[in-house]
Each structure stands twice: as structure tokens, then as C-alpha cells.
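What follows is calculated from the coordinates using simple rules that are stated; it is not laboratory data. Being a predicted model, the structure only gives us computed values, none of them experimental. Positions of Cβ are generated from backbone atoms using ideal geometry, with glycine treated the same way; all protein chains shown enter the neighbour counts.
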Amino acid sequence: AQSVSQHNHHVILSEAASLELGCNYSYGGTVNLFWYVQYPGQHLQLLLKYFSGDPLVKGIKGFEAEFIKSKFSFNLRKPSVQWSDTAEYFCAVGGNNDMRFGAGTRLTV
Amino acid sequence: GAVVSQHPSWVICKSGTSVKIECRSLDFQATTMFWYRQFPKQSLMLMATSNEGSKATYEQGVEKDKFLINHASLTLSTLTVTSAHPEDSSFYICSAVSGIFTGELFFGEGSRLTVL
């Protein structure tokens with residue numbers, strides 16, 4: 001069965017600290033991988049995505065994620081977080097007719 | 001950017017009544033819409049996928065007779081919670097995909113349902 005697992009439920013960091021949020025997936029066939037972010041009181045919005053090609057993907061606001069096929073992982077990173085990065089982050093796996101989300105990680109800066 | 005609007009954003013109803021939630025894509029045609037349910041401090045749980053003009057595909061464990069989904073046009077999908085019970089209280093979120101899948105889902109604001 002398809003599933004997405006996020007390891008950290010709540011992460012608390014100081015400004016300028018580095019961030020890495022884990023995401024592992026179990027999915028048959030070709031995978032499309034995404035990170036979505038939900039800022040307080042706002043809609044979910046796309047942070048970055050991976051379809052194919054360079055496994056290191058750069059997104060908005062200085063975020064990046066690396067697809068490691070052998071580990072079934074797609075971890076999100078940011079070298080130096082800011083207060084404005086406080087939000088809920090969701091890893092998602094899927095495609096045009098199937099999109100599944102991880103449990104989410106709350107980041108507090 | 002693409003806008004998806006849900007209505008109502010907040011609804012309170014009595015147990016046993018039915019509630020309809022609308023999801024509209026305002027500036028694009030949504031060939032596919034997803035309906036999710038989000039419990040407090042939990043992830044979005046996919047309930048069903050609806051494609052315009054065809055029956056919705058429900059996830060395992062989701063009662064299709066209780067959660068009626070209609071995707072009658074390229075800009076509107078509706079979720080009707082029939083004979084609602086307190087355990088149906090939740091946050092329901094729709095998202096839409098345009099005809100060409102770019103990998104981005106456009107989300108509605110969500111609808112908070114409270115069943116008394």
C-alpha cells in the first residue's frame with residue numbers, strides 16, 4: 001500500500017539553525033514527490049517538487065530536497081531557518097490521480 | 001496563481017442532517033479534484049478523487065453513501081455529508097488539478113464541520 005512517513009512531528013529551532021525534515025515513502029511505480037507548506041492561517045502551498053532528473057531539487061524561500069531512490073527518501077533541508085519559516089510542512093507522494101500526504105511536521109522557529 | 005474556493009468555511013449542524021460543501025476552481029478548469037479530511041494535529045487523509053463527469057473513486061474505508069461527491073463541471077465539485085454524526089466533525093479540504101498536471105495541487109481554504 002502507498003504510504004508516506006514523516007519522522008518528526010514537531011521541530012523547534014533557533015533562527016539561523018539548519019533544518020532537515022525526514023520523509024520516506026512506499027509507493028509502487030514511478031514516483032512524483034512534493035513538499036507542501038502551510039503557514040498559520042493560510043492554504044497549503046507547494047514548496048518544491050521532484051518528477052525526474054537532478055535528484056537535488058531547489059524550491060522557494062531557500063528550501064531544497066534530495067531524492068534518494070535507494071533509501072526511498074525525500075528529505076527537506078534549509079541551511080538557515082528564519083522566524084517566518086514557522087509552519088506545518090507536509091511531504092506528499094503521487095501523481096495526477098493519487099496524492100498522499102505524510103502526517104506533517106510542525107516547525108517552530 | 002490558481003484559486004480554489006470552498007464554501008462554507010465553517011458549518012455547524014444537528015446530528016442526522018446533511019451538509020453540502022462546495023469546491024470551486026475560480027480561474028482554471030479542474031479535471032481532477034481531491035477531497036481530504038484532516039483531523040487535529042494529523043495529516044490530510046485522502047477521501048476520494050473525483051474526475052469531471054465520472055463517478056468519484058473512494059479510498060478504502062470511506063463510505064461512499066455517506067460522503068457523496070459530485071463533480072458535475074470542470075469548476076465545481078461538491079461533497080455532501082449525509083446523515084451527519086458527531087464523529088464526522090472534521091476539517092474537510094478540497095484540492096484541484098488542472099488538465100495538465102504540473103505537480104501542483106491548488107487547495108481550498110477548507111471547511112470546518114461541527115456536528116452537534
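Filtered by the rule that a residue be assigned to a strand (DSSP E or B) and among the hydrophobic types (A, V, I, L, M, F, W, C), region B:24-59 gives B:ALA30, B:MET33, B:PHE34, B:TRP35, B:LEU44, B:MET45, B:LEU46, B:MET47, B:ALA48. Scan the strands (runs of 3 or more DSSP E) fully inside region A:1-104 and keep the ones with 2 or more residues being over 26 Å from B:SER9 (Cβ atoms). In region A:1-104, the matching strands (runs of 3 or more DSSP E) lie at A:3-6, A:10-12, A:19-21, A:23-26, A:44-50, A:56-58, A:64-68, A:73-78, A:87-95.
Among the residues of region B:80-92, is any without any contact (Cβ under 8 Å) to a residue 12 or more places away in the chain, under 19 Å from B:VAL4 (Cβ atoms) and either over 14 Å from the mean Cα position of the chain (by Cα) or within 14 Å of chain A (Cβ to nearest Cβ) (or both)? Looking through region B:80-92, none of the residues is without any contact (Cβ under 8 Å) to a residue 12 or more places away in the chain, under 19 Å from B:VAL4 (Cβ atoms) and either over 14 Å from the mean Cα position of the chain (by Cα) or within 14 Å of chain A (Cβ to nearest Cβ) (or both).
Can you spot a residue in region B:101-113 that is more than 21 Å from A:PHE90 (Cβ to Cβ), surrounded by fewer than 20 Cβ atoms within 10 Å (Cβ to Cβ) and of a type in the set (Val, Ile, Thr)? So far as region B:101-113 goes, no, none of its residues is more than 21 Å from A:PHE90 (Cβ to Cβ), surrounded by fewer than 20 Cβ atoms within 10 Å (Cβ to Cβ) and of a type in the set (Val, Ile, Thr).
For region B:61-76, check the following and say yes or no: at least one residue is within 27 Å of A:PHE51 (Cα to Cα), among the small types (Gly, Ala, Ser) and within 14 Å of chain A (Cβ to nearest Cβ). Full working, then the answer.
Going residue by residue through region B:61-76, those that are within 27 Å of A:PHE51 (Cα to Cα) are B:74-75.
Within this subset, residues satisfying the condition of being among the small types (Gly, Ala, Ser) are none.
The answer is no; no qualifying residue exists.
May I ask you to list the residues in region A:43-62 that are among the polar types (S, T, N, Q) and either closer than 14 Å to A:PHE90 by Cα or touching a helix residue (DSSP H, G or I) at 6+ places or on another chain (Cβ under 8 Å) (or both)? Steps first, please.
Narrowing region A:43-62 to residues among the polar types (S, T, N, Q): A:45, A:52.
If the condition is that a residue be among the polar types (S, T, N, Q) and either closer than 14 Å to A:PHE90 by Cα or touching a helix residue (DSSP H, G or I) at 6+ places or on another chain (Cβ under 8 Å) (or both), then A:GLN45 is the only one that fits.
Restricting the search to region A:52-98, which residues are at the interface with chain B (Cβ under 10 Å from one of its Cβ atoms) and free of Cβ contacts under 8 Å to residues at least 12 places away in the same chain? If the condition is that a residue be at the interface with chain B (Cβ under 10 Å from one of its Cβ atoms) and free of Cβ contacts under 8 Å to residues at least 12 places away in the same chain, then A:ASN96, A:ASN97 are the ones that fit. Among the residues of region A:63-76, none is identified as in contact with a Pro (Cβ under 7 Å, 6 or more places away or on another chain) and within 19 Å of A:ALA16 (Cα to Cα).
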